[in-house]
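Read through the structure below, which is laid out as structure tokens, and then see the notes.
The values are calculated or read from the model by the stated rules, or taken from the named source; none is laboratory data. Note that the coordinates shown come from a computational prediction; the quantities given were computed from them, not determined experimentally. No Cβ is skipped: glycine too gets one built from the backbone with ideal geometry, and neighbour counts run over all protein chains shown.
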Amino acid sequence: MPGMMKKLNCVLLVDDNESDNYLHKMVLEQSGFVDHIETAMDGEEAEDVLKSKVVVVMLTTSINSGDRRRAEKGNESIGFLNKPLTLEMINEIIKKEFPDYL
């Protein structure tokens, strides 16, 4: 249908906190930008889910800049954002990485 917003096929949430995964999944569902949401509890579980190159956005509660540098080293992340995930954050990511989905 013309004029309809395109959606991302899938988003993978990786967090060792099940409550955060649940909350962030709810926010993503509310955004309307995602068809399917996967969750993983750690990097190893996430690797099993990943099949191709993806956009990575890291959510954290850490204020330690060393944590940020270690996380970004060798990663193709587009961002290092503070929890919790919000609709505004999702909109910014979509604008930056997937402008044709708007």
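Per-structure values
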{"item": "LEU59 vs. criteria at pLDDT 80 or above, surrounded by 14 or more Cβ atoms within 10 Å (Cβ to Cβ) and part of a loop (DSSP other than H, G, I, E, B)", "result": "no"}
{"item": "Those residues of segment 28-56 which are part of a strand (DSSP E or B), of a type in the set (A, V, I, L, M, F, W, C) and at pLDDT 80 or above, in sequence order", "result": "VAL34, ILE37, ALA40"}
{"item": "Candidate set: segment 17-56, residues that are of a type in the set (S, T, N, Q) and touching a helix residue (DSSP H, G or I) at 6+ places or on another chain (Cβ under 8 Å); chosen: the one surrounded by the most Cβ atoms within 10 Å (Cβ to Cβ)", "result": "SER31"}
{"item": "When residues of segment 78-96 are limited to those that are loosely packed, with under 14 Cβ neighbours inside 10 Å and outside any strand (DSSP E or B), the one modelled with the lowest pLDDT", "result": "LYS96"}
{"item": "Lone unmet requirement of (1) of a type in the set (Asp, Glu); (2) over 19 Å from PHE98 (Cα atoms); (3) out of contact with any Asp or Glu (no Cβ under 7 Å at 6 or more places or on another chain) for ASP16", "result": "(3)"}
{"item": "Condition met for LYS6 (touching a helix residue (DSSP H, G or I) at 6+ places or on another chain (Cβ under 8 Å) and among the charged types (D, E, K, R))", "result": "yes"}
